[in-house]
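Everything below concerns the one structure shown next.
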Amino acid sequence: MAALLAGGFGFWLVTAIVGVLMMGEWAALTGAGQRQKRLAQYALSVPLAILCPLAAGPGFFAIGLLVGAAFFIAAVTRNPRLAGGALYIGLPILALLLLRAQPDGLLLTFWAMGLVSACDTGALFAGRSLRGPLLAPAISPAKTWSGLIGGTVAATVFAALLMPLGLPLRLVLVTALLALLAQAGDLFESSLKRRAGVKDSGTILPGHGGLLDRLDGLVPVAPAAVLLVLLPAWIS
């Protein structure tokens, strides 16, 4: 939250560090060795460095660098799943920095990040209190349909509370769809862990697991959110 409030260099620095650490967790989930893990982290650090406001800053030029990093990782390691991490991690970071750079970027970024947290919280409480049929038992034995609905409602309520601060109604209305996307991201990461045979993506956050475990919902939400924010300007 301090980095989000600060914006600029501070926000970039935190997201870049988190991105490099997430790449390490992604490498472990894909079965990459220590050498491949370090190479992937170094490759990702190049487009992340370009995103620094003291360099080129957040812009769509970085997409080409992210694609280039993915191709480089795939060519050197012969591990396309490892290479996919450059896009899986890099694109959300680019999206968050683009959001924060908007005139009302603090509110927009807080909305995008906060709706994921609200969704997680609502899903947890609704799932535990109401239970009911499982959402995807083959992927996650704990997620329920009641949790899906509870998370979606909680995220929408959170967005509605931001309207007096200036959040546009159209973004409030699409929050429910982003909440569903967040929970899809959660399921995707659960499938990766199941395939790798691990409970958590890492141990950096005691009691919570890895950074991928905590940010899996934000990964798909951030790019979708920035598109929803910028598309009207592009169309006009």
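The values are calculated or read from the model by the stated rules, or taken from the named source; none is laboratory data. Just so it is clear, the model here is predicted, and its values are computed rather than measured. Every residue, glycine as well, gets a Cβ built from its backbone with ideal geometry; the counts of neighbours run over all protein chains shown. When the accessible area is computed, the model is the full protein with side chains, heavy atoms only, and any ligands, DNA or RNA have been set aside. Shrake-Rupley method; radii C 1.70, N 1.55, O 1.52, S 1.80 Å.
Okay, residues lined up against (1) under 21 Å from L230 (Cα atoms); (2) surrounded by fewer than 20 Cβ atoms within 10 Å (Cβ to Cβ); (3) without any contact (Cβ under 8 Å) to a residue 24 or more places away in the chain; (4) over 19 Å from the mean Cα position of the chain (by Cα):
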{"site": "A27", "(1), (2), (3), (4)": "no, no, no, no"}
{"site": "G33", "(1), (2), (3), (4)": "no, yes, yes, yes"}
{"site": "Q36", "(1), (2), (3), (4)": "no, yes, no, yes"}
{"site": "L39", "(1), (2), (3), (4)": "no, yes, no, yes"}
{"site": "C52", "(1), (2), (3), (4)": "yes, yes, no, no"}
{"site": "A56", "(1), (2), (3), (4)": "yes, yes, yes, yes"}
{"site": "I63", "(1), (2), (3), (4)": "yes, yes, no, no"}
{"site": "V67", "(1), (2), (3), (4)": "no, yes, yes, no"}
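Specify the residue that is nearest to K143 (Cα to Cα); the eligible residues are those in region 201-223 that are of a type in the set (G, A, S) and in a loop (DSSP other than H, G, I, E, B).
Applying the first criterion (of a type in the set (G, A, S)) to region 201-223 yields 201-202, 207, 209-210, 217, 222.
Now drop any that are not in a loop (DSSP other than H, G, I, E, B), which leaves 201-202, 207, 210, 217.
Numbers: S201: 18, G202: 20, G207: 19, G210: 19, G217: 14 Å.
Checked region 201-223; the qualifying residue nearest to K143 (Cα to Cα) is G217.
Applying a threshold of 9 Å to beta carbon distances and a minimum spacing of six or more residues, or different chains, the list of pairs starting in region 191-206 at a residue that is of a type in the set (D, E) and ending at one that is open to solvent by 80 Å² or more (accessible area, probe 1.4 Å) reads D200/H208.
When residues in region 175-213 are screened for being acidic (D, E), touching a strand residue (DSSP E or B) at 6+ places or on another chain (Cβ under 6 Å) and farther than 14 Å from M22 by Cα, 0 of them pass. Please specify each residue of region 110-145 satisfying the condition of being modelled with pLDDT of 90 or more and polar (S, T, N, Q). Scanning region 110-145 gives S117, T121.
Would you mind stating whether V198 is part of a helix (DSSP H, G or I) and over 17 Å from D120 (Cα atoms)? Taking the combined requirement at face value, the residue does not satisfy it. Within region 118-164, if we keep just the residues that are charged (D, E, K, R) and not in a helix (DSSP H, G or I), the residue that is farthest from L218 (Cα to Cα) turns out to be R131.
Scanning region 135-150 for residues that are over 22 Å from the mean Cα position of the chain (by Cα) and open to solvent by less than 30 Å² (accessible area, probe 1.4 Å) yields a total of 1. Do you know which of the residues in region 113-134 that are of a type in the set (S, T, Y) and surrounded by 15 or more Cβ atoms within 10 Å (Cβ to Cβ) is nearest to L99 (Cα to Cα)? Looking at the filtered set, the residue picked out is S117.
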